[in-house]
Amino acid sequence: MTLPREIAGDSPARADHIARLRDFIAAHRRLFVLTGAGISTASGIPDYRDRDGGWKGAAPIQHQAFITHLAKRRRYWARSMAGWPPVARARPNAAHRALARLGRAGRVRLLVTQNVDGLHQAAGSRAVIDLHGRLDRVVCLDCDSRLSRHRVQEMLIEANRDWLHDAGVIRPDGDIELGDVDYDAFRVPACPACRGILKPDVVFFGGAVPKKRVTRAWNALARSDAVLVAGSSLMVWSGYRFVREAAARGLPILAINRGRTRADDLITHKLDDDCAALLDAAIAEADGG
């Protein structure tokens, strides 16, 4: 995407955005941070939505479809088998590292991410809630056994040696477009412990976020003095609800996001700009580099 001229590079508008973000961080000592797919685009993981909040391409798989239809599970795992390696290779970018610095400085009450890529932890952040789970873990829906995604990848390749095992174009959940293929020929491995159904340990669209995660996030929000949103359109209720509650409590809310968000009428400070550039520069200044 070509950046608007007024916020490209070291423009006056970019400098103003950095200053506004730096001042916001300096004024609030207990930040509740909420991140979305836009924070990981600089790591090579694309986001879901365009500037208007609409889907880029087809909508992700729905929870109920995965649970109830073998054909949907075959399609998901076939695409995920090719899409997982590039996600596994992804590394934290300047935005992840900047938020980790802010956390080490004791300024983050809690970082809640809607992403499933684990890049915040890889960058060094510790107080993190993976609201929608982690793509690097797999759970059995029958016996609750846990497997690493790397182990499941080995199982998938062993059962489907003639299928594509790696790809360069991915989606935020590790899914890819494979085109016109016969998914009926794809073999989905069963749980090694009980032969049950294996599912990525993530909350698919239409699924419910575990109550403990939500409760921990609510508790952190109650002890925070401001909210920083980075790279989220807030179109999904699971993240939007925290911003709505923060607004109801009168907390200042700053959002960095390309394009509109669902909470534009609630946000007190909006920066339409690049997450990595702003966070890296502002937090370097905020904590002395």
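Considering (1) at pLDDT below 95; (2) under 17 Å from the mean Cα position of the chain (by Cα); (3) not charged (D, E, K, R), the lone condition that P210 does not fulfil carries the number (1). Within the set I25, I39, I7, I18, the sole residue that is modelled with pLDDT of 95 or more, surrounded by 14 or more Cβ atoms within 10 Å (Cβ to Cβ) and touching a His at 6+ places or on another chain (Cβ under 8 Å) turns out to be I39. For region 251-277, the candidate set comprises residues that are touching a strand residue (DSSP E or B) at 6+ places or on another chain (Cβ under 9 Å), of a type outside the set (D, E, K, R) and not in a loop (DSSP other than H, G, I, E, B); within that set, the residue that is most open to solvent (accessible area, probe 1.4 Å) is H269.
Pairs meeting the criteria (first residue in region 223-241 and assigned to a strand (DSSP E or B), second residue aromatic (F, W, Y), beta carbons under 6 Å, at least 6 apart or on different chains) are V227/F32.
The set of residues from region 178-218 being open to solvent by less than 20 Å² (accessible area, probe 1.4 Å), within 30 Å of L111 (Cα to Cα) and assigned to a loop (DSSP other than H, G, I, E, B) comprises just one member, F204. Taking helices (runs of 4 or more DSSP H) as the structural unit, those lying wholly within region 56-119 and holding at least 2 residues that are open to solvent by less than 30 Å² (accessible area, probe 1.4 Å) and in contact with a strand residue (DSSP E or B) (Cβ under 9 Å, 6 or more places away or on another chain) correspond to 70-89, 94-104. Of all the criteria given as (1) more than 21 Å from the chain's Cα centre (by Cα); (2) in a helix (DSSP H, G or I), the one not satisfied by A246 is (1). Considering (1) in contact with a Pro (Cβ under 6 Å, 6 or more places away or on another chain); (2) at pLDDT 95 or above, the lone condition that F205 does not fulfil carries the number (2).
Would you pick out the residues in region 33-44 that are of a type in the set (A, V, I, L, M, F, W, C) and either more than 18 Å from D130 (Cβ to Cβ) or over 16 Å from the mean Cα position of the chain (by Cα) (or both)? Scanning region 33-44 gives a single hit, A42.
Under 7 Å between Cβ atoms, at least 6 apart or on separate chains: pull out the pairs that start in region 116-139 with a residue that is more than 11 Å from R91 (Cα to Cα) and of a type in the set (G, A, S) and end on any residue that is in a strand (DSSP E or B) and open to solvent by 20 Å² or more (accessible area, probe 1.4 Å). Listed pairs, sorted by first residue: A127/V108; G133/D201.
Here L228 fits the description: at pLDDT 95 or above and farther than 24 Å from R149 by Cα.
The values are calculated or read from the model by the stated rules, or taken from the named source; none is laboratory data. Everything numeric in this text was worked out from a predicted model, so none of it was measured. FYI the Cβ positions are ideal-geometry reconstructions off the backbone, even for glycines, and counts take in every protein chain you see. The protein model used for the area step is the full one, side chains on, heavy atoms only, and it has no ligands, DNA or RNA in it. Shrake-Rupley method; radii C 1.70, N 1.55, O 1.52, S 1.80 Å.
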